[in-house]
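Comments concern the structure below.
The values are calculated or read from the model by the stated rules, or taken from the named source; none is laboratory data. Owing to the predicted nature of the structure, the values given are computational and were not obtained by experimental measurement. No Cβ is skipped: glycine too gets one built from the backbone with ideal geometry, and neighbour counts run over all protein chains shown. Ligands, DNA and RNA are stripped out before the accessible areas are found, and what is left, the full protein with its side chains, is counted by its heavy atoms. Shrake-Rupley method; radii C 1.70, N 1.55, O 1.52, S 1.80 Å.
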2 protein chains.
Amino acid sequence: MSRSPQPYACGVDAAIDVISGKWKAYILWRMADGPKRFGELRRLVPGITERVLIRHLRELEADEIVLRTEFAQVPPKVEYSLTPAGVALNAALEPLADWGHERMDRIAAARQPATRTG
Amino acid sequence: MSRSPQPYACGVDAAIDVISGKWKAYILWRMADGPKRFGELRRLVPGITERVLIRHLRELEADEIVLRTEFAQVPPKVEYSLTPAGVALNAALEPLADWGHERMDRIAAARQPATRTG
DNA sequence: CGGGATCCATCAAGATACTG
DNA sequence: CAGTATCTTGATGGATCCCG
């Protein structure tokens, strides 16, 4: 998926397209409790590289999910926060999160090729 | 995204991982009103190739979202239907679909690089 | 009809290094 | 601190041909 130039058949397509980045949903989740700085997000999303983080942030910004606020200061400071649309998206994600939560290990199991008992 | 071997941080990750295929949500949507045959799905999802369709179907099957039923007949017949988990997933997708529906053109606009008036 | 196999294009994502 | 630039790779999606 991801940013197909085609018109969407239904709302799901569009929504999925917005959050189908590898870490996007996770980033949104982390921003739910308030604005975050770049460095904060990097720490909150272990394993992500700056390049990927900034890229996801930019895409989310383009989709009006997050708001980037730049402070003109001597030590650079930028804050990323959820827009109203972002808050609404997070809310819409809740049932999905719930569904995913109870099926999480089933899903994880499907991604393990073998049983690997030893 | 897609089928990361890592454990999920939250339910959203897992859910997104399940439906982040290019056509997966759309396929699920189409199966909501009853079992579909392979050829039907191919017609219902215009533009998809057999390879990609079967691949998505297999993955959804592995995630226990769809059930594949094979009929031992002279003309081969296979039916794909939603499992209970698949039905629940579709239900959980509704708020997201709603969100996506009202922001659809905003999202589509973000994917258009320029204004292209001419 | 319902797939499988192979080859290919694209792009998201990761590693690393550098800058204002 | 908050990015940017370049290179590489692996996954996803697509085209085409073949088979039971």
How big, in percent, is the set of alpha carbon pairs in the protein assembly as shown lying more than 22 Å apart? 55 percent
Total charge dipole magnitude, the protein assembly as shown, about the Cα centre, Cβ charges on Lys, Arg, Asp, Glu only, Debye to nearest 20: 920 debye
Inter-label distance for B:E94 and A:R43, nm, one decimal - labels placed 7 Å from Cα along Cα-to-Cβ: 4.2 nm
Note to self: Kirkwood Rh of the range A:51-118, Cα pairs, one decimal, Å, is 15.1 Å
D_trans [Stokes-Einstein, Kirkwood Rh over alpha-carbon pairs] for the range B:11-110, 37 °C, 0.692 mPa s, µm² s⁻¹: 228 µm²/s
Listed residue (A:L82, B:L89, B:P76) projecting farthest to the positive dipole end of the protein assembly as shown, Cβ model: B:P76
Using the Karplus curve 6.51 cos²θ - 1.76 cosθ + 1.60 with θ = phi - 60°, what ³J(HN,Hα) values do you get for each residue of the range A:66-78, in whole Hz, with x for Gly and Pro? 10, 10, 9, 10, 9, 9, 7, 10, 5, x, x, 9, 10
Taking the label point as lying 7 angstrom from Cα along the Cα-to-Cβ axis, what are the distances from A:E102 to the corresponding position in the remaining copies, in ascending order and in nanometres? 2.7
Heavy atoms only, 1.4 Å probe, whole protein assembly: order A:Y26, B:Y80 by accessible area, highest first. A:Y26, B:Y80
Residues whose placed amide H lies under 5 Å from that of A:K77, excluding near-sequence neighbours: A:F71
Placing unit charges on C-beta atoms (Lys and Arg positive, Asp and Glu negative, everything else neutral), compute the dipole magnitude of the range B:11-110 about its Cα centre in debye, rounded to 20. 500 debye
Given H placed 1.01 Å from N in the peptide plane, which residues other than close sequence neighbours of B:L67 have an amide H under 5 Å from its amide H? B:S81, B:L82, B:T83
Separation of the B:E50 and A:V74 label points, Cα + 7 Å toward Cβ, nm: 6.9 nm
